[in-house]
Structures are given as structure tokens and as C-alpha cells.
Amino acid sequence: MSLSEIKSRIAAAETAAGRAPGSAELIAVSKVQPNERVEAVLEEGHRIFGENRVQEAAGKWPEFREKFSDVDLHLIGPLQTNKARQAMELVNAIHSVDRPKLATTLARLAQELGHCPELFIQVNTGEEEQKAGILPKDSDGFIQECRALDLPIKGLMCIPPVDEEPSLHFALLAKIAERNGLSGLSMGMSGDFESAIALGATHVRVGSAIFGERAYSA
Ligand SMILES: *Cc1c(COP(=O)(O)O)cnc(C)c1O
């Protein structure tokens, strides 16, 4: 599928949900994709991208940024505290704030660097053991904790379990965000971004539907 097809499907989903055009931002997830494919999407004028790993992002985006201005880079994968500084210097948003230790590290670094990317708290809506994210029952407390640290919390993020109806998870995430007065909802991927938009997604993270299947999964 092409970038323009995805964009028109997003626009149609916004309209169907009675939402303003452009209210759901498309993050093109470029992890593991060959540089030519990423560059082609940059050439088409798209500027918002998502990467899973700090290392991989640091390996390719400084060069793309020299060639293309106004790149808006989002880290959507798990972040180790020892990579937090590098991440904060590289990306415009982090979608995977998922534990107190990472929150305090980000707060300390924000003081030191004088800036902080926009942050999303990852919620483990499916309560899956192997998955990152704060549990739904702990999320209100963790949001408060992050606010007390003066972190710029934009919203919440989730990755629904593969074998469950995603809309239940999107609805749960939206409910937690609403009761905490958070406006950002990072949810929806290639297979389910339209239902995420119907349930209020402000950021959809779409990879394979734009770039094609990844050579290996990350
Ligand atoms: C890889 C990834 C995506 C994109 O997945 P697709 O199914 O290729 O659209 C979205 N979010 C996260 C956190 C990812 O790791």
C-alpha cells in the first residue's frame, strides 16, 4: 500500500468518527526497513517517523536529518535507562515510559539537558507478562508520579495482545487517559489503525502497511 492510500484511509476514518481532518497523526514506523524505502517516503514529503531501538535510530536518522528538514522522530520501543540520554538527544517523542526508574531518569536528564521530548506512558492493557507497560490498575498513580516529576506527559500508548479484539484495549486506554485529563492517545498499527481512530487515537503507528513487510521482526 502507498503512503497516500494510508493517508486517505486515515482521513476517511477521521470523517467517519466525526473528527477534524488531521487530528490523527501518522507515525511511519521505519524500523528495520531498508534506507531506500525510508528515503522514498521522505521524498514524498512525510516527516513523522517511528523507531523501536535507540541504536538503530541513531544509526540512520542523523544522516536523514541532514538531507531532510523538520524530521519528527518518535521512539516507540522499550527504553533502557542507560540509553535514555541518547534517546533524549535524538528523538522528539518517547512513547514507552513504563516504569518509575525510567521516569526519574528522564526527569533528571531533562533538568540537565534543559529540554525533554514529548512523553507517552505505555499501558499494558492486556496485562501480558512478557509485555512492557504499566498495569491499568497502577496507571493513575504512575501518571501522578510522572506529573510530580514535571515530565511533559502528552498521553498514553498501548500495544493490544495479538489474539484479542484491539478495540477493547483502545477503549480502555481512552478511558484511563480521559479520567487523567490526558489528550494524547498513541494506538493503532497497520492492522487496526481505523478502529483506533474511531476510539480517539491521536497518533497511529503504521509500519508494514506503508513500507511492506519487514525482513525480520523487531
Ligand atoms: C513495529 C511497531 C509498530 C508498527 O507495526 P506494523 O504492524 O508494521 O504497522 C507499531 N508500534 C510499535 C510499538 C511497533 O513496535
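List, in the order given, every pair from 67/175; 7/31; 60/154; 101/131; 31/137 whose Cα-Cα distance in the structure shown is over 29 Å. In this structure, 67/175; 31/137 exceed 29 Å between Cα atoms. Does segment 146-189 come out rounded, prolate or oblate, given a ≥ b ≥ c as the square roots of the eigenvalues of its C-alpha gyration tensor, rounded meaning a/c under 1.5 and, failing that, prolate meaning a/b above b/c? Prolate, because a/c is 1.5 or more and a/b exceeds b/c. Across segment 56-73, rounded Karplus estimates of 3J(HN,Hα) from the backbone phi angles (6.51 cos²θ - 1.76 cosθ + 1.60, θ = phi - 60°) give 5, 4, 5, x, 10, 6, x, 5, 4, 5, 5, 8, 10, 8, 6, 5, 10, 9 Hz, Gly and Pro being marked x. When you count the other C-beta atoms within 10 angstrom of each residue and take the mean per peptide, 184-195, 81-92, 156-167 line up highest first as 184-195, 156-167, 81-92. Using the rule -39500 (n - 2.57) for each DSSP H run of four or more residues, divided by the residues of the chain, the 222 nm mean residue ellipticity is -13000 deg cm²/dmol.
Considering only 54, 68, 174, and ranking their Cα positions along the charge dipole of segment 3-210 that arises from unit charges at the beta-carbon of Lys, Arg, Asp and Glu, the one farthest toward the positive end is 54.
Read the figures in this text as sums done on the coordinates, not as results from a lab. Owing to the predicted nature of the structure, the values given are computational and were not obtained by experimental measurement. Note: ideal-geometry Cβ built from the backbone for every residue, glycine included; neighbour counts use all protein chains shown.
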